[in-house]
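Trainee: Starting off with a structure, shown below.
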């Protein structure tokens, strides 16, 4: 969970105004290359890339885009939260 201003800064969007609803939908994937692949898929589907796939300050890898309706999406990989066989995030025990 991020505060509004922190999330906006992370996604490189202004924290105020009608262009930022104050939340993002995050999609966890199993590798850095999957982050880049999904971002390319979002580009092809009419999204706008806001931040390329890159190392995050918390140690993972993430990128941001908006969908054609302007909603903010994040694609991220975190080695500390691997995906199980069904591709669900596994939290550390």
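The values are calculated or read from the model by the stated rules, or taken from the named source; none is laboratory data. Source: prediction; values computed, not measured. Methodologically, a virtual Cβ is constructed for each residue, glycine included, from the backbone with ideal geometry; neighbour enumeration extends over all protein chains shown.
Trainee: So which of 54, 41, 34 ends up being over 19 Å from residue 22 (Cβ atoms), assigned to a strand (DSSP E or B) and out of contact with any helix residue (DSSP H, G or I) (no Cβ under 7 Å at 6 or more places or on another chain)?
Mentor: After ruling out the rest, the residue left standing is 54.
Trainee: Condition first: at negative phi, surrounded by fewer than 21 Cβ atoms within 10 Å (Cβ to Cβ) and modelled with pLDDT of 90 or more. Now tell me which residues in segment 48-60 satisfy that.
Mentor: Answer for segment 48-60, where residues must be at negative phi, surrounded by fewer than 21 Cβ atoms within 10 Å (Cβ to Cβ) and modelled with pLDDT of 90 or more: 48, 49, 50, 51, 52, 54, 55, 56, 57, 60.
Trainee: While we're here: Given (1) modelled with pLDDT under 90; (2) closer than 22 Å to residue 3 by Cα; (3) surrounded by fewer than 16 Cβ atoms within 10 Å (Cβ to Cβ), where does residue 20 come up short, assuming only one miss?
Mentor: (3)
Trainee: May I pose another question? Working only within segment 66-79, note down all residues that are within 20 Å of residue 89 (Cβ to Cβ) and part of a strand (DSSP E or B).
Mentor: If the condition is that a residue be within 20 Å of residue 89 (Cβ to Cβ) and part of a strand (DSSP E or B), then 72, 73, 74, 75, 76, 77 are the ones that fit.
Trainee: Now, a different point. Return the residue satisfying two criteria in turn: it lies in segment 75-90 and is out of contact with any helix residue (DSSP H, G or I) (no Cβ under 7 Å at 6 or more places or on another chain) and under 21 Å from residue 7 (Cβ atoms), and of such residues it is surrounded by the most Cβ atoms within 10 Å (Cβ to Cβ).
Mentor: 78
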